[in-house]
Structures are given as structure tokens and as C-alpha cells.
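Working notes, structure below.
The values are calculated or read from the model by the stated rules, or taken from the named source; none is laboratory data. Computed from a predicted structure; not experimentally measured. All Cβ positions, even for glycine, are placed from backbone atoms using ideal geometry, and neighbour counts span all protein chains on display. Calculation scope for accessible area: heavy atoms of the full protein, side chains included, ligands and nucleic acids excluded. Shrake-Rupley method; radii C 1.70, N 1.55, O 1.52, S 1.80 Å.
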Amino acid sequence: MTSEFETARPVTVAACQLGPVHLADSREDVLKRMFSLLDQAAKEGVKLAVFPELAFTTFFPRYLLEGEDLDQYFETEDPTKGGIEQSPTIKPLFDHARSLGIDVYAGYAERSLQKDGVHVDYNSSVYYSSQEDKVIAKYRKVHLPGTVEPRTESGAYQQLEKRYFRPGNIGFPAFRAPGLVEGALKKSDGIENLDTTGKGDPIVGMLICNDRRWPEAWRVYGLQGMEIMCCGYNTTAFPTTSSGHMVEMSLEAAEEQVMLHHKLSCQGNSYMNACFSINVAKTGAEDGNPLVGGTMIVHPLGYIIKEANTKEDELVVATIDLADCRRPKNTVFAFEKHRRPEHYNLILEQTGVVEPELL
Ligand code: CDT
């Protein structure tokens, strides 16, 4: 696939799909499952392992919780005590990854301590670099689905992310991940007058679940040259109405529709931004609540390279060549060159729809 003008930049990556995490499952048990996926990944030469959204616990925003019942799901980050790397729940995962030389993306519920004991909660993910032995990037989910107040109609499905989390305040910052590809160009290599595009360490972006349905989010990363999008999710296996009821259709048809929209979002946006994407589900039924699967690694040309075929813990591995991100950009489709931002103001200014006047 690499054109004669591009240098191959291969890297082996893994989507670490998790099966259900039930209310009764201990953090230790979940960590053991994650270790086992990392061990398998190491045997396959994986350098980057991506885990789901809220990977360490059940998807708790489906429950109305308060006090300690809610607090137990959060990782407290006290900037005076070192960041998330120090969490007793998460540190063992990073330590294990480091011993195997694997980078990790993982989602978790972040309780960010401010001054005076106040805290702000986010649905977050971090990127741990095994070469640096530290978290080198954090993302806070921007597009929070659901409601602040619990739905009251009987039979309504709860999705309380808007209640438990604040929208992310970091935006969509792409970053470079060191140590993943050999021969990556560095600042110190004497690069004056050299076109370094597509020659450095991989450029990575992070999204969380619902964010993957927003082309704006992908594009902001696309404009930073993002080459690998990491996205973990917990997606209910049936579409719901605005009142939280399942759209009337058979369970099979419902799941098929959810899967279609998941795949359209990841494949379409990977194609439109010329990037690979590693999309990772927590799946199966968590205490009877079905989550869709669909874990997959997508190519910059939009096709699925590899996908999961279970709803259990499963490793999906692919060796991807980042030079393939250059290929669409060297054709007539080069979004970064030919875009017309002078016509895109509405996207920045407006929420809601303003229809043209009635005829
Ligand atoms: N976790 C998450 O963001 N889930 C949403 C669905 C929420 S409404 C059922 C998603 O976009 O997959």
C-alpha cells in the first residue's frame, strides 16, 4: 500500500474488547482480565493496547446512585499527589503494560480535585506511554449523552452521564506517542528545511463513545494530522426514544441498527480524516443490560481491517502502516488542502436547527 514516496511506519496495535463487568465483579477481577489481554497482546508484538470507556467498572450511569454508592466508581486525582498513575486501581495496569513494553489507552471515571476540597467529575481516558512510564495525554468526554434528571416513566432506560459528569474542558488535543514506530524523525535530528509531515512519531487522538458520532470532533483531530484514533465505548444494544424507551422493533433489528450506526460513524470518520481508528467495546449483557459489540480496527480508506466476533473479552490485533494515512491525502481527496472554512461558521456558532422560512 505504501507509495514510493512514503516510508513504511508499521506498528502493531490491539483493540482489547471487554465482556460484561457486572455490579458484583471486583476491580481485582477486572484487572486480571485486562492483564490477560495484555499478556496475549505481548505475544503478538503489540505496541499499543486500547481498552473501552469506563473500562474498570460496570457502566454505572445506567443506575441512579448517590453518596458512596456513586463515589466508589470514581478515581480521585489529586494534583498534589501525582496524577492518575498513582491510583491503586489503575497503576497495576500501567505497571503490567510497562513490563511488556505496551502503551495503553483506558477509560475511567475521573474525580478531579480542585482547591478547597471541591471536585469536578469527568468521563475520561488517558494514554499511558510505556517508554516514558507516564500518562502523556488525557481526554475528557465532550459529548455526554442522557439526562441530568432520571427518567420517570415506567420502563424507561436511564442514561445519567449528564448528571454524573461535566462536559470535557480539554478539547481535542492530538499528541505524539513515542516508541511505537522505528526511525521516527525527532526535533533533534536537524530538520531545518525538511518536510517532516508523516515522518515523526505517530499522532494520536482520543474520543470516548458518543463522541465518535460527531464529525466535528474527528475533524479537529484531523486538522492536527491525527493518524490513530483511539475510542472506547459502552453502547446500549438497542436504540432508545427521547423518553428512554426502546424503539419498537425486534431485538435483532434493534441491535443491527445500533451496529450500523456505530460502524458508519467509525468507518466514515476514519475515511474522511484519513486515519486509522481503534474502536473498542465493553459488550455483552451487564446484569441483564445488553451492550453492543463491534470492536474493530478501521483503515484510513474506511474498511474494517479486523473485528471482534464475540461478546466476551477478546483481543483484536492488526499491524497497521501509518504511511497509509498519507495515501488519501496525496489524492484528489485532501481535506486539509481543499476545505473552505469561510463557509463553516454555523458549525461553530449554532446548536439546534434553524430551518429556512416556510414557503
Ligand atoms: N456511553 C455512551 O456514550 N453511549 C452512547 C449511547 C447513549 S444513549 C443509549 C453512544 O453514543 O453509544
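Quick notes
- Near residue 170, the amide H atoms lying under 5 Å from its own belong to 140; only residues 5 or more places off or on other chains count, and H is placed 1.01 Å from N.
- The range 96-141 shape via C-alpha gyration tensor axes, a/c threshold 1.5: prolate
- Around the Cα centre of the range 238-359, unit charges on the Cβ atoms of Lys, Arg, Asp and Glu (plus for the first two, minus for the last two) sum to a dipole of about 780 debye.
- Fully extending the segment from residue 261 to residue 346 would add 28.2 nm, taking 0.36 nm per residue of separation and subtracting the current Cα-Cα distance.
- Its alpha carbons give the range 10-349 an Rg and a Dmax of 19.7, 66 Å.
- Residue-count net charge about residue 198 - beta-carbon cut-off 13 Å; Lys, Arg +1, Asp, Glu -1: -1
- Under 5 Å from the amide H of residue 283 lie the amide H atoms of 18, 19, each residue being 5 or more positions distant or on a separate chain, with H modelled from the backbone and absent for Pro and chain starts.
- Antiparallel DSSP beta bridges within the chain, percent to nearest 5: 65 percent
- When only Cα pairs below 8 angstrom with a gap of at least 6 residues are kept, the range 10-349 shows a relative contact order of 20 percent.
- Full-extension gain in nm, residue 248 to residue 119, via 0.36 nm per residue minus C-alpha separation: 42.4 nm
- The range 36-180, accessible area per residue, ligands and nucleic acids excluded (1.4 Å, Å²): 43 Å²
- Each label point was placed 7 Å from the Cα along the Cα-to-Cβ direction; for residue 303 and residue 223 their separation is 3.2 nm.
- Note on the range 155-272: percent of Cα-Cα distances in each 5 Å bin, starting at 0 and stopping at the bin with the largest distance, equals 2, 9, 15, 16, 15, 13, 10, 7, 5, 3, 2, 1, 0.
- Euclidean distance between Cα centres, the range 48-127 to the range 305-356, Å: 27 Å
- Mean residue ellipticity, 222 nm, helices only, the chain: the sum of -39500 (n - 2.57) across DSSP H runs of n ≥ 4, divided by residue count and rounded to 500, is -6000 deg cm²/dmol.
- Counted charge near residue 70, where neighbours are those whose Cβ lies closer than 11 Å (Asp, Glu -1; Lys, Arg +1): -3
- The length gained on full extension between residue 193 and residue 332, counted as 0.36 nm times the residue separation minus their Cα-Cα distance, comes to 47.5 nm.
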